[in-house]
Amino acid sequence: MIAYLSGTLLEKTANSIIIDVGGVGYDVVIPLSTFYDLGEVGDPVQLRIYTHVREDAIQLFGFSTERERDLYLKLISVQGVGAKSGITMLSGMNADEIIDAIRKDNLAKLIAIPGVGRKTAERLVIELRDKVGELSAAAAAANTGAGLKTAGESDAFDDALSALVNLGYQRNAAEKAIQDIRRDGADQNVQKILRSALQRLAK
């Protein structure tokens, strides 16, 4: 089972990357929280990996920190949270926000994430409330804050929209959020657009 990969960033999108490890390219699904930490194509990259084995496929899920992977493993241990919806949760909110919502029984915040219904949110709180304390902010690892390669502005908006739809947000709602950000006229890259869009979609 693959638990860690270290290599060169060959390709990246907001939802997945390819890591070149000794001439072998590994396709790894990532949450936005990890995407924000990535450098540019050609830069070295190290990820903690969760290997998800199904009858018809083997999928790799990558995380920038061990803490992020540990939270993901706790999330998918709850009935109703699958491998993909766990990634969506870490894309919709950062680790601290998820932990805070679970510890404070904030169902509304959890339900705002695509694919998380009330019953699943309740199970998250009941099953994980006492288990996420060890992953609290006091144990958070520092982020590297690596810069992102900025695409052309139009490409950045298209990439952000595609990422939101892939995460399960309704296309109409995602397009409206993207259009509102575009009208603001501020200089934007994919990272900024996604952060702003997620804030709008969470309201």
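Does I111 fit the bill of being more than 23 Å from K192 (Cα to Cα) and under 17 Å from the mean Cα position of the chain (by Cα)? Yes; evaluated as a whole, the condition is true for this residue. The single condition among (1) β-branched (V, I, T); (2) touching a Leu at 6+ places or on another chain (Cβ under 8 Å); (3) in contact (Cβ under 8 Å) with a residue 60 or more places away in the chain that T65 does not satisfy is (2).
Kindly indicate whether I111 is surrounded by 18 or more Cβ atoms within 10 Å (Cβ to Cβ), more than 22 Å from Y4 (Cβ to Cβ) and in contact with a helix residue (DSSP H, G or I) (Cβ under 7 Å, 6 or more places away or on another chain). No, not satisfied. In segment 108-137, how many are among the polar types (S, T, N, Q) and either over 19 Å from S91 (Cα atoms) or assigned to a helix (DSSP H, G or I) (or both)? Here the count works out to 1. Among residues of segment 30-45 that are modelled with pLDDT of 90 or more, those with a beta-carbon under 6 Å from a residue that is hydroxyl-bearing (S, T, Y) and not in a loop (DSSP other than H, G, I, E, B) at least six positions away or on a different chain give the pairs P31/S91. Yes or no: L73 not assigned by TED's automatic domain parsing to the domain that holds G115 and not in a loop (DSSP other than H, G, I, E, B)? The answer is no for L73. Among the residues making up segment 21-45, those that are in a strand (DSSP E or B) and buried (at least 16 other Cβ atoms within 10 Å of the Cβ) are Y26, V28, V29, V45.
Within segment 182-193, residues that are under 19 Å from S33 (Cβ atoms) reach partners that are of a type in the set (A, V, I, L, M) and modelled with pLDDT under 70 with beta carbons closer than 7 Å, at six or more positions or on different chains, in the pairs N189/L148; V190/L148; V190/A151; Q191/L148. Screening D159, D187 for residues that are at pLDDT 80 or above, among the acidic types (D, E) and either closer than 18 Å to I17 by Cβ or over 14 Å from the mean Cα position of the chain (by Cα) (or both) leaves exactly one candidate, D159. Considering segment 1-20, and only residues there that are under 12 Å from the mean Cα position of the chain (by Cα) and part of a loop (DSSP other than H, G, I, E, B), the residue that is farthest from I87 (Cα to Cα) turns out to be T13.
The values are calculated or read from the model by the stated rules, or taken from the named source; none is laboratory data. Bear in mind that the values here come from a model prediction, so they are computed numbers and not experimental data. No Cβ is skipped: glycine too gets one built from the backbone with ideal geometry, and neighbour counts run over all protein chains shown.
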